[in-house]
Amino acid sequence: MRKVLSVLGPTGSGKSELSIKLAEFLGGEIINCDSVQLYKGFDIGTDKVSRKVRKRVPHHLMDIISDCRRFSAAEFAKLAANLIRKISAKGKIPVIVGGTFLYVRALEKGLFPVGGAGDDFREKWKSEVHELRIRTAELDPKYYAKIGSMDARRMVRLMEVFHLSGKNMSESFADTNSPLKGWKFIKIAVKREREELYRRIEERVEEMFRRGIIKEVRKLLSSGCSEECPPFSAIGYKEVLSFVKGKISLEEVKRLMKKNTKEYARKQLMWLRHENNIVWVPPDDIKTIVKLIGKR
């Protein structure tokens, strides 16, 4: 059976490092599924692997967007599925890695063909956050538990889908088909104690500032990149953007980045715990992980 390996885990857990080691050990190529790493120039805030590493281990779907267009999960599923077939045809192992878990789900289970309800509909619900949370929790408690109470974009999408189809997100996902039907998805997630994970997140934020994330944001803006560019709404970039615009202090931007990243990691853990067939693995024991993969 044809296999796809997905290396998952909360932000800061070390999934990128693990995926590189596994790709080298197994003879694989990596497919990025981090929605911000798709964008050229957004490097430090996403902790992109270096070009030196990318030469050693092929990475795909990284730096593929040079403008500010939006990129959908459906686009990812189509591109990634084609890459997986090509990588597998070469006798290599496709290794998916990244924190945009909706992309992995779109690839494994497919997406439902429900369009948008229009800007007016979306703006209405964006302006009624309290009611949006109540309605989302009522319509689809399982999905609400996965995305958390702060993910307004996905909550609005749920309302859109329900408005247009009469189904909630969980029901809609159940009616879809994978673009890789018949392939076996082996999903492993990096396991770390929460205290260690939070320490790593704090160190990672400090490292971003040492590497020059403020300079990176200023360079992006001076090159004509709009503040409306999707990556600027991501954790890290949105806080630094506020600092660059003089709205918050350096001390506050660091505090917010650490706080918001930890909250995001908590949501990612909740999402992963609701997913089926995930094997939690220690991040450093490659031989044990390879044995576990071989048993799947």
Picking from THR261, THR288, which residue would you name as being among the hydroxyl-bearing types (Ser, Thr, Tyr), under 25 Å from ALA145 (Cα atoms) and outside the structural domain of ALA152 (by TED's automatic domain parsing)?
THR261
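Residues checked against (1) closer than 23 Å to LYS146 by Cβ; (2) touching a Gly at 6+ places or on another chain (Cβ under 7 Å):
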| position | (1), (2) |
| --- | --- |
| GLU202 | no, no |
| MET208 | no, yes |
| ILE214 | no, no |
| LYS219 | no, no |
| SER226 | no, no |
| GLU252 | no, no |
| ALA265 | yes, yes |
Would the range 49-68 turn up any residue that is over 18 Å from the mean Cα position of the chain (by Cα), charged (D, E, K, R), surrounded by fewer than 21 Cβ atoms within 10 Å (Cβ to Cβ) and part of a loop (DSSP other than H, G, I, E, B)?
yes
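Here is a yes/no grid of residues against (1) over 26 Å from VAL4 (Cβ atoms); (2) within 16 Å of the chain's Cα centre (by Cα); (3) loosely packed, with under 14 Cβ neighbours inside 10 Å:
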residue	(1), (2), (3)
ILE188	no, yes, no
LYS215	yes, no, yes
GLY224	yes, no, yes
GLU228	yes, no, yes
PHE232	yes, yes, no
ALA265	no, yes, no
PRO283	no, no, no
Read through the list (1) surrounded by 19 or more Cβ atoms within 10 Å (Cβ to Cβ); (2) closer than 30 Å to LYS3 by Cα; (3) at pLDDT 80 or above, then give the number of the only condition that ARG157 fails.
(2)
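When the range 118-161 is examined, which residues are found to be hydroxyl-bearing (Ser, Thr, Tyr) and out of contact with any helix residue (DSSP H, G or I) (no Cβ under 7 Å at 6 or more places or on another chain)? Let's see the steps before the verdict.
Restricting attention to the range 118-161, the residues satisfying the condition of being hydroxyl-bearing (Ser, Thr, Tyr) are 127, 136, 143-144, 149.
Once the filter is applied, which keeps residues that are hydroxyl-bearing (Ser, Thr, Tyr) and out of contact with any helix residue (DSSP H, G or I) (no Cβ under 7 Å at 6 or more places or on another chain), the range 118-161 yields only SER127.
If I filter the range 193-216 for residues that are of a type in the set (D, E, K, R), in contact with a strand residue (DSSP E or B) (Cβ under 9 Å, 6 or more places away or on another chain), under 30 Å from ASP284 (Cα atoms) and not assigned by TED's automatic domain parsing to the domain that holds LYS142, do I get at least one hit? Walk me through how you get there before you give the answer.
Of the range 193-216, the ones of a type in the set (D, E, K, R) are 193-196, 199-200, 202-204, 206-207, 210-211, 215-216.
Filter once more, keeping what is in contact with a strand residue (DSSP E or B) (Cβ under 9 Å, 6 or more places away or on another chain): none.
Among the residues of the range 193-216, not one is of a type in the set (D, E, K, R), in contact with a strand residue (DSSP E or B) (Cβ under 9 Å, 6 or more places away or on another chain), under 30 Å from ASP284 (Cα atoms) and not assigned by TED's automatic domain parsing to the domain that holds LYS142, which makes the answer no.
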The helices (runs of 4 or more DSSP H) lying entirely within the range 91-169 that contain at least 1 residues which are out of contact with any Asp or Glu (no Cβ under 6 Å at 6 or more places or on another chain) and touching a residue at least 40 places away in the same chain (Cβ under 8 Å) are 101-109, 119-126, 141-147, 152-165
If you go through the range 33-59 one residue at a time, how many are out of contact with any helix residue (DSSP H, G or I) (no Cβ under 9 Å at 6 or more places or on another chain) and more than 22 Å from GLU239 (Cα to Cα)?
5
Residue ID - nearest to SER178 (Cα to Cα), chosen from residues in the range 84-130 that are of a type in the set (Val, Ile, Thr) and modelled with pLDDT of 95 or more:
ILE84
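The values are calculated or read from the model by the stated rules, or taken from the named source; none is laboratory data. Everything numeric here is computed off the predicted structure, so don't read it as measured data. Because the Cβ atoms are built from the backbone with ideal geometry, glycine has one as well, and the counts that use them run over all protein chains shown.
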